[in-house]
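**Student:** If you scroll down you'll find the structure; I have some questions about it.
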Amino acid sequence: MNYLDFLQSKADHGALHGFEPIEVPSFLFPFQRHLLEWAIRKGRAAIFAGVGLGKTPIQLVWADNVARKSGKPVLILTPLAVAWQTVNEAKKFGIDDVIQSRDGTIGSHIVVTNYQQLHHFKPEDFGGCVCDESSILKCFDGKTKEAITEFMRTIPYRLLCTATPSPNDYIELGTSSEALGELGHQDMLTKFFRDERMNERPYYVHAFARQAKKVLKPHAERDFWRWVCSWARACRSPADLGFEDDRYVLPPLTIREHIIEASRPRDGFLFDLPAKTLQDQREERRRTIDERCEKVADLVSHDSPAVVWCHLNDEGDLLEQLIKDSVQVSGSDDDDAKESAFRRFSEGDVRVMVSKPQVAGFGLNWQHCAHMTFFPSHSWEQFHQGIGRCERFGQVNPVFVDVVSSEGEAGVISNIRRKADQAEAMFARLVELMHDHLVIEKTNPFTTKEEKPPWLSSHRKSMTVTPCTTATV
């Protein structure tokens with residue numbers, strides 16, 4: 001190994017673990033085929049594509065190719081109650097031999113289950129694994145997330161699919177990198193990030209007391225995004241990949257804010273003030289439950305479908321009582337009850353769905369609905385994913401989102417706006433680098449032999465060299 005090869009071996013370029021595609025069906029759009037073929041050749045890849053861009057058919061065809069190549073089944077992990085939707089999509093696209101399993105049964109070359117049932121399966125039984133809505137990994141506790149990452153560690157082919165890889169924090173990309181077998185989360189932090197407060201506090205201050213914030217090293221920003229581009233592809237529309245997007249224009253989205261007045265101010269105050277601490281915000285939320293839920297019930301009093309997002313069990317119970325033709329899906333419901341309720345809402349048997357974003361905010365397709373309400377929270381991803389259930393490609397009607405909050409929750413709404421700006425900047429940067437083809441490749445740029453101009457060669461031939469003499473004193 002020469003020195004240049006040694007340097008190349010130290011670069012983080014995202015190795016190729018895949019193979020040439022076996023079959024690419026014609027029902028995929030050109031940009032979907034582009035993403036699919038790249039992911040198959042990579043073998044271990046992440047696709048960060050906007051809602052409604054067809055990640056489900058991509059991952060189904062990817063799983064079919066991997067199953068044929070490896071001779072083993074492929075496991076597709078989905079959020080709760082999305083597995084049945086994936087199986088239905090497979091039938092629609094003519095992909096046979098796809099089943100849903102909850103108890104570890106493997107009776108097909110493509111098996112679909114939800115993350116909560118992963119403990120029933122063994123990684124050695126599968127040649128590939130797909131994580132649908134992979135950004136949900138960071139929503140799990142540390143034990144569950146580690147179990148998912150460990151399950152995928154020994155599987156040769158891996159695919160992550162999500163619309164929001166890291167809504168507003170670059171550090172969260174380490175979760176995806178580690179699951180794919182690239183840099184571990186801590187290795188990524190060491191290589192590309194630094195402690196923002198490293199020079200502001202004495203070195204002996206305990207790390208937990210400092211509450212250090214990790215930021216990209218100024219000189220490493222370009223290399224960081226190049227590294228991400230080596231194992232991920234991102235797009236918000238086909239145009240980000242250089243394809244026509246005339247069929248993927250989203251309908252108008254209107255977000256309306258409603259500020260309600262509490263029936264009484266907080267104890268010890270003559271009028272309401274913005275809640276400063278998380279404890280104050282929790283108290284504000286509980287103190288204004290009746291007023292906020294009554295406002296939401298009034299907003300969805302029409303006859304069209306609607307989704308009502310809540311955060312507290314008391315909010316969900318009250319909303320279900322106030323809104324006619326509504327069904328609440330809570331975290332305590334069993335899987336069968338959740339799937340049944342989601343099916344009924346998707347098929348139009350239920351007019352209003354009441355649930356929490358962490359329960360129903362990932363993966364479900366509700367293009368038949370064009371109206372939803374939110375109570376604000378600090379999670380921009382839940383807000384973005386919740387809107388994406390209805391405001392997605394395939395929606396034909398303008399989408400209206402009503403955000404209902406109290407006067408004391410003004411700080412929560414401003415924080416959501418800040419995170420939205422961060423998310424847009426991050427995704428735009430990722431797409432920009434991919435568009436410019438700034439992908440780290442295993443190539444040696446110093447192999448071209450130098451060319452000498454003719455005048456230099458002829459000039460040298462005509463030159464005579466006079467030896468230098470040294471005088472002796």
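The values are calculated or read from the model by the stated rules, or taken from the named source; none is laboratory data. Being a predicted model, the structure only gives us computed values, none of them experimental. A quick note on method: Cβ atoms are made from the backbone with ideal geometry, for glycine too, and the neighbour counts reach across all protein chains shown.
**Student:** Here is a check on your reading of the model: is residue 334 of a type in the set (D, E, K, R) and on the phi > 0 side of the Ramachandran plot? Spell out how you get there, then give the answer.
**Tutor:** Numbers: of a type in the set (D, E, K, R): yes; on the phi > 0 side of the Ramachandran plot: no.
For residue 334, the condition - of a type in the set (D, E, K, R) and on the phi > 0 side of the Ramachandran plot - is not met.
**Student:** A further question follows. Does residue 325 count as at pLDDT 95 or above and exposed (fewer than 14 other Cβ atoms within 10 Å of the Cβ)?
**Tutor:** Against the criterion (at pLDDT 95 or above and exposed (fewer than 14 other Cβ atoms within 10 Å of the Cβ)), residue 325 does not qualify.
**Student:** Would you pick out the residues in segment 314-354 that are more than 12 Å from residue 293 (Cα to Cα), in a helix (DSSP H, G or I) and either in contact with a Gly (Cβ under 9 Å, 6 or more places away or on another chain) or not aromatic (Phe, Trp, Tyr) (or both)?
**Tutor:** If the condition is that a residue be more than 12 Å from residue 293 (Cα to Cα), in a helix (DSSP H, G or I) and either in contact with a Gly (Cβ under 9 Å, 6 or more places away or on another chain) or not aromatic (Phe, Trp, Tyr) (or both), then 335, 336, 337, 338, 339, 340, 341, 343, 344, 346 are the ones that fit.
**Student:** Considering only residues that are in contact (Cβ under 8 Å) with a residue 24 or more places away in the chain and closer than 16 Å to residue 50 by Cβ, which ones fall in segment 404-428?
**Tutor:** 420, 423, 426, 427, listed by residue number.
**Student:** Kindly indicate whether residue 327 is touching a Cys at 6+ places or on another chain (Cβ under 9 Å) and either over 30 Å from residue 245 (Cβ atoms) or not assigned by TED's automatic domain parsing to the domain that holds residue 135 (or both).
**Tutor:** Judged against the criteria, residue 327 is not a match.
**Student:** Turning to a different aspect of this structure: Just give me the residues in segment 376-411 being among the hydrophobic types (A, V, I, L, M, F, W, C) and either under 16 Å from residue 309 (Cα atoms) or surrounded by 21 or more Cβ atoms within 10 Å (Cβ to Cβ) (or both), in sequence order. Break it down stepwise before answering.
**Tutor:** Let us first name the residues in segment 376-411 that are among the hydrophobic types (A, V, I, L, M, F, W, C), namely 380, 383, 387, 390, 393, 396, 399-401, 403-404, 410.
Result: 380, 383, 387, 390, 399, 400, 401, 403, 404.
**Student:** Right, here's the next one. Quick one: residue 213 ticks every box in (1) among the charged types (D, E, K, R); (2) modelled with pLDDT of 85 or more; (3) over 21 Å from residue 124 (Cα atoms) except a single one, so which number is it?
**Tutor:** All conditions pass for residue 213, except number (2).
**Student:** Which pairs do you get when a residue that is closer than 10 Å to residue 216 by Cα and of a type in the set (D, E, K, R), found in segment 182-194, comes within reach of a residue that is outside any helix (DSSP H, G or I) and at pLDDT 85 or above, reach meaning Cβ atoms under 8 angstrom, with the pair 6+ apart or on two chains?
**Tutor:** Filtered contacts from segment 182-194: 191/183; 194/217.
**Student:** Which condition number in (1) part of a helix (DSSP H, G or I); (2) without any contact (Cβ under 8 Å) to a residue 24 or more places away in the chain; (3) under 22 Å from residue 359 (Cα atoms) is the one that residue 37 fails?
**Tutor:** (3)
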